[in-house]
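Read the structure below first, then the notes.
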Amino acid sequence: MHRAFYEPAGSGSFVATAATAGPWDPYSQHGGPPSALAARAFELHEADAGQRLSRVTVDIMRPIPVGKITLRVRTVRPGRRVTLLEAVMEAEGQEVLHARGWRIARPNGEVPAIGTAGTPPAIAAASAEFDFGRAHTAGYMSAIEWRFVSGRAFREDAAGSAWTRARIPLLPGEPSSPMSRSLLVADSGSGIGSALDPAKFHYLNVDLTVVLLRDPAGEWLLLESATSIGAEGTGLAESVLSDTSGRCGRAMQTLFVAPR
């Protein structure tokens, strides 16, 4: 097991370890770690304690190689109440990921919580593995702990749920923020809520959006995921995110779907 998903390599540069490798290709990163790294960059850029990173949208331009990457961030729209940030990730001379994040001001007074009620299911006592056939499981899939509530592979109801937590940090010796932890696992919603046999169909997400209504507490995050697919090859994976206290956010992924 690697000690982290990334090793620092100078200002704005990182080296992805084999722990970032996704299930389809041992030489390409899963979307979760680079998305989490972009969120970390947003939170460090011109940091404002009066705002919290509430929404991050990531567009995956092309496969992100397991190796050295660079990340640059700029402020698109500064503000006292809201701030919009933008990040571009590059690898091997190409732009591989674009991300935008909204930092929203923390309220001065009390705000009622709406739509977050409910008691999440208990965390299962034992871990389990995805049933993804010949998928590469030695990288990201092994670096995340999975405790399934329902579903472990593709199924007709196209829904599933699992408690998740990272076995290793994003960077060595550094705790991850709530948004980084959420993005790290939310990109797996399309797998937890998968609908088609991966041996017969491609279904790859081209983006990821995470909105956190509040910061999740603790290391465990529950993904309750469902997938819808149209006959023209576009799919949508939607996930409700919860910590052990209740719902805290949502994630959405647009899918490319095609027969192999």
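Values quoted throughout were computed directly from the atomic coordinates according to the rules given, and no laboratory measurement underlies them. A quick note: this is a predicted structure, and the numbers were derived from the prediction, not measured. Heads up, the Cβs are rebuilt from the backbone with ideal geometry, glycines too, and the neighbour counts pull from every protein chain shown.
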note = Listed with the fewest Cβ neighbours within 10 Å leading, 228, 142 appear as 228, 142
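Got a sec? How would 247, 3 order by Cβ neighbour count within 10 Å, fewest to most?
Values: 247 20, 3 12.
Sorted ascending by nearby Cβ count, the order is 3, 247.
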ask   = How do 203, 6, 27 line up, fewest other C-beta atoms within 10 Å first?
value = 27, 203, 6
ask   = If you bin every alpha carbon distance in the chain into 5 Å steps from zero, what whole percent lands in each bin?
value = 1, 6, 13, 18, 20, 18, 12, 7, 3, 1, 0
inquiry  = Please report the projected area of the range 20-98's Cα convex hull averaged over all directions, in nm².
reply    = 5.3
key: the chain: most fluctuating residue of 189, 246, 173 per GNM, C-alpha cutoff 10 Å   = 173
request  = Take the Cα coordinates of the range 145-260, assign each an equal point scatterer, and use the Debye formula without solvent to give log10 I(q)/I(0) at q = 0.17, 0.18, 0.23 Å⁻¹.
outcome  = -0.78, -0.86, -1.24
Candidates 101, 191, 109: whichever shows maximal mean-square fluctuation once the chain is modelled as a Gaussian network with Cα springs under 10 Å = 109
Amide hydrogen neighbours beyond the local backbone of residue 96, cut-off 5 Å, H modeled = 89, 90, 91
Mean Cβ neighbour count within 10 Å, used as a protection proxy, ranking 70-77, 214-221 highest first = 214-221, 70-77
